[in-house]
Amino acid sequence: MSLRLIKLLSFFFAFVLIFSFLHSNPSDETYDIVIKNGFIIDGTGNPWFKGDVGIKDKKILKIGSIDGNRARRVIDAQDLIVCPGFIDIHTHCDRRILQVPTVDNYIYQGVTTVLGGNCGGHPFPLSSLFQRLEEKGTSINFGCLVGHNTIRREVMGDKMSSPTRDEMNKMIALIEQEMKAGALGFSTGLSYLPGTYSKTDELIELASAAARYRGIYATHLRDQGLHITEAIEEAIEIGENNNMPVQISHIKLADDAVWNEIEKITKPIEDARQRGAEVTIDQYPYTATSSGLTSSFPSWAFEGGRKEFLKRLEDKKNYQKIKAYVIKRRLTSTKGIDKPESIYIARSSKFPGYEGKNLKKLLLLQGKEPTVENAADLIIEIERNGGASCVFFQMDEKDVEALMKLSYNMHASDGGVQVVGKGVPHPRNYGTFPRVIGFYVRKKGIVSLEDAVRKMTSFPAQVLRLKKRGLIKEGAYADLAIFNFNTFEDKATFKNPHQYARGLAYVIVNGEVVVDEGKHTGKLSGMILYGKGKI
Ligand SMILES: [Zn+2]
């Protein structure tokens, strides 16, 4: 080999070395996905800005101006909003997530994270749900709370009395077990069974077990009507005693006797926040509630379980007492509202023909007068035959809007995973998040788009201490919703709830495209969000 050739070759190799070194420079990174030209709303509440988002290995690698040639896939978001995927802090998705792991009714709203185990109920033991979910996979990020009703029933059955020391110890041990399985906090459902039997002391001590693992306290209040202030004060007392964040679930003035008295909610919460207690609330954007018909009955009627309830109905005196309670709780209005007309059957296994109809209509169909008395008898008859889940129109639109403006309020659905076409569920299951944007931001102008996005992304993430979600920032998980602001809206109605929103273009969960040009891809890229107690 000539000297000249050796020189030439070594020059060539040196060049190759320098060239490959230059190409390992992070500024020349390649991306799994680059989203180009979107209006980025980052979740902080700040106004939108124009830019590209580069995604690699589940996370947001870069925000700014990015060369699309460096991406395996480019999504053109021209004229579209790019924001963090919505985080729903209040759901019951724990119930059917294994049956429908694609969680279509949430994914199609742009929701990328849901929290289950609310209102005092969760699948016990949590470790087995988590294990099956890890094996099966899901399209959505999922975290779960440990529910007080579940734990109390596990230890005490349907006993009405206060727990003995031994029962308390057993409940604490079970809560610790669930926190170690990865629960994110403790929830109560104090107008449900058997939670309604518990006193504040019991709840303070049980919540302390979750606080030790840095969990939150989320509560369905004991009362959402005349005594809502006392119920909120009880929740705050439980949180303050344990120095833990308090999340008040599905906030509302649910009795026309207290409509337009929003200070019954804001006063105790703002006083507590002033003292330094971390209290926040969530709300679904509708004037109707939904829950089991059982919630219309006095708690003593169910002591000892359903069998005892059926026995009590056979006793005339008890029947009248129960009926009087049902009338007072569900069928009385101080504002002249026709209550039998405001209660709809959503789902009933014994009476599927009732689904979608209100009590007034059902009574007329049965050839009866639609009186309050007859409506109460019908409610008892349905409950006697296994019950039903119902939709109750019991809020005032003015209150819904006033609550929406509070800075410490966030949006959540209070829904669950749905099987398309089954029953006539509350439309919140399909429409909550697009409704906030389509109806309350775009049509009514109640809040700004950026603030609505904050309340559905970084704010719930902050309460749950999810440090890498709910924001579009470099290093965060790539959970994104991309939609057309001019068309994004809910289509689900009370009559016809099984309808997905329109205007949603893409959903990305942990860097994978789960909704592609408006269609669910079936990708199961969701992660389980374990709490700090997880061992
Ligand atoms: Zn609830």
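The values are calculated or read from the model by the stated rules, or taken from the named source; none is laboratory data. Nothing here was measured: the structure is a model prediction, and the numbers come from that model. Cβ coordinates were reconstructed from backbone atoms using ideal geometry, including for glycine residues, and neighbour counts include every protein chain displayed.
In region 284-328, what residues are in a helix (DSSP H, G or I) and within 16 Å of the ligand (Cβ to nearest atom)?
Residues satisfying the conditions are Leu293, Thr294, Ser295, Ser296, Ser299.
Considering each residue of region 79-91, count those that are within 16 Å of the ligand (Cβ to nearest atom) and not in a strand (DSSP E or B), and give that number.
Of the residues in region 79-91, 3 are within 16 Å of the ligand (Cβ to nearest atom) and not in a strand (DSSP E or B).
Within region 257-275, identify whether any single residue is modelled with pLDDT under 95, in a helix (DSSP H, G or I), charged (D, E, K, R) and more than 27 Å from Val453 (Cβ to Cβ), and answer yes or no.
No, because not a single residue in region 257-275 is modelled with pLDDT under 95, in a helix (DSSP H, G or I), charged (D, E, K, R) and more than 27 Å from Val453 (Cβ to Cβ).
Filtering region 253-274 down to residues that are touching a residue at least 12 places away in the same chain (Cβ under 8 Å) and within 26 Å of Leu206 (Cα to Cα), which residue is nearest to the ligand (Cβ to nearest atom)?
Ile265
Of all the residues that make up region 174-208, how many are closer than 26 Å to Phe302 by Cβ and more than 16 Å from the ligand (Cβ to nearest atom)?
The number of residues fulfilling the criteria is 12.
Could you tell me whether any residue of region 59-78 is in a strand (DSSP E or B) and acidic (Asp, Glu)?
Checked against the condition, which is being in a strand (DSSP E or B) and acidic (Asp, Glu), region 59-78 yields at least one hit.
Can you list residue pairs whose Cβ atoms sit under 8 Å apart, with the first residue in region 215-234 being free of Cβ contacts under 8 Å to residues at least 60 places away in the same chain and the second being among the aromatic types (Phe, Trp, Tyr)? Count only pairs 6 or more apart in sequence or on different chains.
Every condition considered, the pairs that remain are Tyr217/Phe186.
Determine whether Asp166 is within 16 Å of the ligand (Cβ to nearest atom) and surrounded by fewer than 22 Cβ atoms within 10 Å (Cβ to Cβ).
no
Would you confirm whether any residue within region 402-421 is touching a helix residue (DSSP H, G or I) at 6+ places or on another chain (Cβ under 6 Å), at negative phi, aromatic (Phe, Trp, Tyr) and away from the ligand (no atom under 16 Å from the Cβ)?
no
State yes or no: is His250 closer than 16 Å to Val400 by Cα, buried (at least 17 other Cβ atoms within 10 Å of the Cβ) and within 16 Å of the ligand (Cβ to nearest atom)?
yes
Condition check ((1) in contact with a Pro (Cβ under 8 Å, 6 or more places away or on another chain); (2) modelled with pLDDT of 95 or more; (3) hydroxyl-bearing (Ser, Thr, Tyr); (4) closer than 20 Å to Phe494 by Cβ) across all residues:
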residue: Ser291; (1), (2), (3), (4): no, no, yes, yes
residue: Ile322; (1), (2), (3), (4): yes, yes, no, no
residue: Glu341; (1), (2), (3), (4): yes, yes, no, yes
residue: Lys360; (1), (2), (3), (4): yes, yes, no, yes
residue: Leu378; (1), (2), (3), (4): no, yes, no, yes
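Cβ-Cβ under 7 Å, sequence separation 6+ or interchain: first residue in region 181-200 and without any contact (Cβ under 8 Å) to a residue 40 or more places away in the chain, partner in a loop (DSSP other than H, G, I, E, B) and away from the ligand (no atom under 15 Å from the Cβ). Which pairs?
Lys199/Ser162
Yes or no: Val424 under 20 Å from the mean Cα position of the chain (by Cα), at pLDDT 95 or above and over 19 Å from Ile216 (Cβ atoms)?
no
Quickly run through region 38-58 and pick out the residues that are touching a helix residue (DSSP H, G or I) at 6+ places or on another chain (Cβ under 9 Å) and either of a type in the set (A, V, I, L, M, F, W, C) or assigned to a strand (DSSP E or B) (or both).
Within region 38-58, Ile41, Trp48, Asp52, Gly54 qualify.
Give me the helices (runs of 4 or more DSSP H) completely within region 95-166, filtered to those with at least 3 residues that are within 20 Å of Arg469 (Cβ to Cβ), ordered by residue number.
It comes to 126-136.
Residues being of a type in the set (Asp, Glu) and buried (at least 20 other Cβ atoms within 10 Å of the Cβ): count how many of those fall in region 280-309.
Number satisfying all stated conditions: 1.
Please specify each residue of region 337-360 satisfying the condition of being out of contact with any helix residue (DSSP H, G or I) (no Cβ under 8 Å at 6 or more places or on another chain) and either more than 17 Å from Ser296 (Cα to Cα) or small (Gly, Ala, Ser) (or both).
Of everything in region 337-360, those that are out of contact with any helix residue (DSSP H, G or I) (no Cβ under 8 Å at 6 or more places or on another chain) and either more than 17 Å from Ser296 (Cα to Cα) or small (Gly, Ala, Ser) (or both) turn out to be Ser342, Ala346, Ser349, Pro352, Gly353, Glu355, Gly356.
Can you work out which of the residues in region 115-142 that are more than 16 Å from the ligand (Cβ to nearest atom) and of a type in the set (A, V, I, L, M) is farthest from Gln99 (Cα to Cα)?
Taking the candidates together, the pick is Leu126.
Which members of region 333-384 meet the condition of being over 30 Å from the mean Cα position of the chain (by Cα) and part of a loop (DSSP other than H, G, I, E, B)?
Matches in region 333-384: Thr334, Lys335, Gly336, Asp338, Gln366, Gly367, Lys368, Glu369, Pro370, Thr371.
Right, Val82: crowded, with 24+ Cβ neighbours inside 10 Å and within 24 Å of Glu134 (Cβ to Cβ) or not?
For Val82, the condition - crowded, with 24+ Cβ neighbours inside 10 Å and within 24 Å of Glu134 (Cβ to Cβ) - is not met.
For region 219-236, does any single residue satisfy the condition of being within 16 Å of the ligand (Cβ to nearest atom), surrounded by 20 or more Cβ atoms within 10 Å (Cβ to Cβ) and part of a strand (DSSP E or B)?
yes
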